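Participant: What follows is a structure written as structure tokens; I'll ask about it next.
The values are calculated or read from the model by the stated rules, or taken from the named source; none is laboratory data. These numbers come from a predicted model, not from an experiment. Cβ: placed from backbone, ideal geometry, glycine included. Neighbour counts: every protein chain shown.
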Amino acid sequence: MALRSRNAITQESRVTRAPMVEQDITASLKVRHMSLIVALADRGTTHQAADALNMTQSTASKMLRDVEEIFGATLFERHPRGLTPTPLGEFVVSNVRAQLSRLQRFSDEFHARRAGGYGTLTVGAITGAAPDFVARSVAEIKRKRPQLLLSLHGETSDGILEQLEAGRIDLAVGRFSAERHRHIFAFEPLAEERLTVVARTGHPLAGAATRLADLVDCSWALQPPSNPSRQVLDAAFDAEGLRRPTDSVECSSILLILHLVQVSDSVALLPEPVVQAHRRAGLFTKLPIRPEIKLGGFGLVTRRKEPLGGAALEFRDILRARAGL
């Protein structure tokens, strides 16, 4: 009898509730509900989620039941050691997380404007575009809006698109790094990104390496496999029938790659604007590899069906003008 009762409870926890219509979800869901959804996904237990939100565990448990009643579906699987989102729950968590980020950015801009400022703008940019193209655009909008609170995040394409999807930035200057990005973002080409193979000044191959085959046995400082620059480098080795480098260090930080090249015999494929200052200072030398390794252009990336406004719209126009569009 006890076994039957436990099974009944398990089955009851998996019952799919009658779904409510879409307008009921948006009308009933509160910010506190959304905060709990994200806290449960991040913390994994109602106890830790409750602590994070400064509420009791019983309150969090009741609120979760209310949330699942609003959605008409089970969003979290219950386990002896905690909770994990169901497939539908993962979809809800992702979207709710983005909405909370947008609400926070709205709150920040509201308070900035109320205090007499001129709003906020958060931009993500790939490292290759940031030193020149984006930096000059940032300088221009700051000349026009000196009191604009502007935050600039320089990362890989993976990093900035993750932030864009989560709603933590207003727009991005980068490129798609996964097929799924084409379905959730809009892309507007802006410019080409030039790549160059560099080594420290005084490197044994400086002035001698002219083919990719000359660098097969070199030590390489490489970006992660998901990075577009790494992908075109791997493709270049493959196209020439060469073995990909085995003596390598993978690093997602461009700054650390620059330091590694400077203090060792490692070579690296990096955006030309990133290494210009090092070359002018006599720290790096360009290895004139032929054929040239090319990377597709970068562009303006925005969330689909979410029009830009205010400073973001003005910054987009500045980017377009700098690109000659």
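Participant: Only one of 59, 46, 74, 86 is at pLDDT 90 or above, touching a strand residue (DSSP E or B) at 6+ places or on another chain (Cβ under 6 Å) and outside the structural domain of residue 167 (by TED's automatic domain parsing); which?
Facilitator: Result: 86 is the single residue among 59, 46, 74, 86 that is at pLDDT 90 or above, touching a strand residue (DSSP E or B) at 6+ places or on another chain (Cβ under 6 Å) and outside the structural domain of residue 167 (by TED's automatic domain parsing).
Participant: When you go through 129, 135, 178 one by one, which is the residue that is surrounded by 19 or more Cβ atoms within 10 Å (Cβ to Cβ) and of a type outside the set (Phe, Trp, Tyr)?
Facilitator: 129
Condition check ((1) buried (at least 21 other Cβ atoms within 10 Å of the Cβ); (2) of a type in the set (A, V, I, L, M); (3) in the same structural domain as residue 266 (by TED's automatic domain parsing)) across all residues:
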residue: 156; (1), (2), (3): yes, no, no
residue: 166; (1), (2), (3): no, yes, no
residue: 207; (1), (2), (3): no, no, yes
residue: 210; (1), (2), (3): no, no, yes
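Participant: Can you find even one residue in segment 231-249 that is in a strand (DSSP E or B), modelled with pLDDT of 90 or more and more than 29 Å from residue 121 (Cα to Cα)?
Facilitator: yes
Participant: Can I ask one more? What are the residues in segment 176-221 that are at positive phi and at pLDDT 90 or above, if any?
Facilitator: 202
Participant: Let me ask something additional. Within segment 74-84, which residues are free of Cβ contacts under 8 Å to residues at least 60 places away in the same chain and either among the hydroxyl-bearing types (Ser, Thr, Tyr) or surrounded by fewer than 18 Cβ atoms within 10 Å (Cβ to Cβ) (or both)?
Facilitator: Across segment 74-84, the qualifying residues are 77, 79, 80, 81, 82, 84.
Participant: Okay, next question. Which of the residues belonging to segment 210-230 are of a type in the set (Gly, Ala, Ser) and not in a helix (DSSP H, G or I)?
Facilitator: 219, 221, 226
Participant: Within segment 222-230, can one find any residue that is modelled with pLDDT of 95 or more and either exposed (fewer than 14 other Cβ atoms within 10 Å of the Cβ) or out of contact with any Phe, Trp or Tyr (no Cβ under 8 Å at 6 or more places or on another chain) (or both)?
Facilitator: yes
Participant: While we're on this one: Here is a check on your reading of the model: is residue 245 touching a Cys at 6+ places or on another chain (Cβ under 8 Å) and either within 25 Å of residue 151 (Cβ to Cβ) or touching a residue at least 12 places away in the same chain (Cβ under 8 Å) (or both)?
Facilitator: yes
Participant: Is there a residue in segment 165-183 that is part of a helix (DSSP H, G or I) and either in contact with a strand residue (DSSP E or B) (Cβ under 7 Å, 6 or more places away or on another chain) or β-branched (Val, Ile, Thr) (or both)?
Facilitator: no
Participant: Given 310, 299, 282, which one is among the small types (Gly, Ala, Ser), in contact (Cβ under 8 Å) with a residue 24 or more places away in the chain and in contact with a Phe, Trp or Tyr (Cβ under 6 Å, 6 or more places away or on another chain)?
Facilitator: One residue alone meets the criteria, 299.
Participant: Using the structure shown, decide if residue 240 is outside the structural domain of residue 161 (by TED's automatic domain parsing), touching a helix residue (DSSP H, G or I) at 6+ places or on another chain (Cβ under 7 Å), closer than 27 Å to residue 176 by Cα and among the acidic types (Asp, Glu).
Facilitator: Answer is yes for this residue.
Participant: May I pose another question? Under 31 Å from the mean Cα position of the chain (by Cα), of a type outside the set (Gly, Ala, Ser), at pLDDT 90 or above and within 30 Å of residue 149 (Cβ to Cβ): does that describe residue 33?
Facilitator: So residue 33 fits the description; yes.
Participant: Collect the residues in segment 244-280 that are closer than 14 Å to residue 224 by Cβ and hydroxyl-bearing (Ser, Thr, Tyr), keeping them in residue-number order.
Facilitator: 248, 252, 253
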